[in-house]
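Beneath this line is the structure, given in structure tokens, with notes to follow.
The values are calculated or read from the model by the stated rules, or taken from the named source; none is laboratory data. Predicted model, so just to flag it, every value in this text is computed and none were measured. Cβ placement follows ideal geometry from the backbone for every residue including glycine, while neighbour counts extend to all protein chains displayed.
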Amino acid sequence: MNDTVDPAYPVTKRNKVVRRYQRGFYDKKTVHEILDAAMVAHIAYVMDGQPFCTPTGFWREGEHLYWHGSSASRMIRFQSPGVPVCVTVTHLDAIVLARSGFHHSVNYRSVMAYGTARLVEGEAEKLRAMDGFVDRFFPGRSALLRPPSAQEIKATSFVVMEIEQASAKIRDTHVGDEEEDYALPIWAARYPVRQVVGEMEECPRQHPDATMPEGMRGYRTGRTLDDVLLEAARQYED
């Protein structure tokens, strides 16, 4: 990836933000940060004329998005030959309560990324993807795990999509009422919303010689998941 040469995704009818266009962003830095702060994406595709949208674990490597699923999955089987898909990610950042139902809203960061999905093929590439899925979120962890069994390799599939186009949309505002409504004695507020890491609960059958690896130090109680995942993404890219 070379963001210096090509810092933004091309804008066409497919990815152009029309409604509230001022909230749209096409630069790769913004798009990538929203993607990298998430562990789950929704994959939208059309199969036999029926739209589907499947939530699944995913991660980004440069200009490619990867996601996984069971080898028996209908989604995986359908996407294997190469089909157009739309990958979406959304973060809920705040709940906004106004003085009218019309102006109630939420603050969010979202991305829609477009491309053609295809199956990751070849055992070496598949094993690399299996390690990548672990190391992207838990730096260096794959080297500490037992190797996957032949059955586990067979049962798991990965799909990759090059990002052809993408757009981000961000709402980050406070209460926005009609001017005359501010005179009404109606309570209004904004509630920030964050996902935070809770207190660790070790496996009840933890081996007495097992110690927390260095790559998990970022998962500290009270940290926002955004910060943890973005930190892990930078380590993975390095």
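Details
- Members of region 41-77 that are of a type in the set (Phe, Trp, Tyr) and touching an Asp or Glu at 6+ places or on another chain (Cβ under 9 Å): 59
- Here residue 68 fits the description: out of contact with any Lys or Arg (no Cβ under 9 Å at 6 or more places or on another chain) and in contact (Cβ under 8 Å) with a residue 24 or more places away in the chain.
- Residue 64 fulfils the conditions (1) modelled with pLDDT of 95 or more; (2) touching a strand residue (DSSP E or B) at 6+ places or on another chain (Cβ under 7 Å); (3) surrounded by 17 or more Cβ atoms within 10 Å (Cβ to Cβ); (4) not acidic (Asp, Glu) except for a single criterion, (3).
- Cβ pairs under 7 Å, 6+ apart, first in region 72-89 and closer than 13 Å to residue 47 by Cα and touching a residue at least 12 places away in the same chain (Cβ under 8 Å), second polar (S, T, N, Q) and in a strand (DSSP E or B): 75/54; 76/70; 76/157; 82/116; 83/116; 84/116
- When each of 236, 191, 182 is tested for being part of a helix (DSSP H, G or I), hydroxyl-bearing (Ser, Thr, Tyr) and loosely packed, with under 13 Cβ neighbours inside 10 Å, the lone residue that passes is 182.
- Filter result for residue 76 (closer than 21 Å to residue 118 by Cα, among the β-branched types (Val, Ile, Thr), at pLDDT 90 or above and touching a Ser or Thr at 6+ places or on another chain (Cβ under 7 Å)): no
- Beta carbons closer than 6 Å, at least 6 apart along the sequence or on distinct chains, pair a first residue in region 2-16 that is modelled with pLDDT of 90 or more with a second that is surrounded by 13 or more Cβ atoms within 10 Å (Cβ to Cβ) and in a loop (DSSP other than H, G, I, E, B) for 8/26; 9/26; 11/26.
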